[in-house]
Amino acid sequence: MSLLEIDDVTVKFGERRSAWIERLGLARESVTAVADASLNIEAGEAVGIVGESGSGKTTLMRAVLGLAPLHSGEIRFRGTPLTQQRSIETRRAIQMVFQDPGTTLNPSRRVGESIEELLKVHRLAGSATERKKRVAELFDRVRLPATAQRAYPRELSGGQKQRVAIARSLALEPSILIADEATSALDVIVQASVLDLFAELRADTGITLIFITHDLTLVRYLCERAVVMRSGRVVETNTVAELFDSPRERYTQELIAAVPQLPATSEVHTSW
């Protein structure tokens, strides 16, 4: 039994329409964002989900979180089917780091206080002293200085805000961490440091990582297995090594061909 099982999942938008909109003739056809997607994820592995914008990769993971209703199919976590009504324990177990951390942080609260409040609500630390100690541990875990706890989101860089978002997700002690284009808005140097952080977290905690991206080079660096999506469908699943060495689908071949390649040293000519 896999940790997470996705069987023939379809997600459609625009299915629910009020009667008065239909009477006005404004009803539109539903849009299929994910079609018959199937995927199994084992405990402790890192899986990259790749595809161009609109391929359905984020929507599929939002369905896993219960943020997008299923039209058909089933999602199971540890063998138990997931419905729209989730237990608190299940919600804690599957967490997502979103693409833009600035939109998920409360601008009127210091970031340390926001995580303390999360621990309090979920009763994951008894006293105020224990909560502060846990926040300090989380900030250290994501390589943020203790002084960052007193900062407001607007006072942090993009990379720092993303680390706060990761710390907040880790506060709930999840089994699965979903990173949705978590490095796409960062510059190359900061991006590399955040990727290293994900790799370190996996090595230290054994957490299962699902990394959503359009950049195959990031998947090659961070993941053991890759899932390629196109137009809402899973078109290929393979180990990262085999995917790059012998991609089966033409679409996968095109994605790999589009990865920028640096010229060999002997091919670089310098003009003085």
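The values are calculated or read from the model by the stated rules, or taken from the named source; none is laboratory data. A quick note: this is a predicted structure, and the numbers were derived from the prediction, not measured. As a convention, Cβ positions derive from the backbone with ideal geometry for all residues, glycine included, and neighbour counts pool all protein chains shown.
Listing for the model above:
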| quantity | calculated |
| --- | --- |
| Unique residue being within 20 Å of the chain's Cα centre (by Cα), surrounded by 15 or more Cβ atoms within 10 Å (Cβ to Cβ) and hydrophobic (A, V, I, L, M, F, W, C) when the list is 97, 111 | 97 |
| Residue 197 vs. criteria at pLDDT 95 or above and over 26 Å from residue 13 (Cα atoms) | no |
| Selection within segment 133-151 - over 22 Å from residue 193 (Cα atoms) and either loosely packed, with under 15 Cβ neighbours inside 10 Å or in contact with a strand residue (DSSP E or B) (Cβ under 6 Å, 6 or more places away or on another chain) (or both) | 133, 150 |
| Output for segment 190-222, where each listed residue is more than 26 Å from residue 157 (Cβ to Cβ) and either under 14 Å from the mean Cα position of the chain (by Cα) or of a type in the set (Ser, Thr, Tyr) (or both) | 208 |
| Considering residues of segment 60-100 that are among the hydrophobic types (A, V, I, L, M, F, W, C) and over 27 Å from residue 183 (Cβ atoms) only, the residue modelled with the lowest pLDDT | 88 |
| Contacts under 9 angstrom Cβ, first residue in segment 113-137 being farther than 24 Å from residue 204 by Cβ, partner buried (at least 17 other Cβ atoms within 10 Å of the Cβ), 6 or more apart | 113/135; 113/149; 117/131; 120/131; 128/116 |
| Odd one out for residue 169, checked against (1) buried (at least 19 other Cβ atoms within 10 Å of the Cβ); (2) touching a helix residue (DSSP H, G or I) at 6+ places or on another chain (Cβ under 9 Å); (3) closer than 24 Å to residue 110 by Cα | (2) |
| The listed residue being without any contact (Cβ under 8 Å) to a residue 12 or more places away in the chain and either more than 26 Å from residue 198 (Cβ to Cβ) or among the aromatic types (Phe, Trp, Tyr) (or both), out of 103, 80 | 80 |
| Leading residue by the ranking (surrounded by the most Cβ atoms within 10 Å (Cβ to Cβ)) among those in segment 219-243 that are hydrophobic (A, V, I, L, M, F, W, C) and over 21 Å from residue 195 (Cα atoms) | 229 |
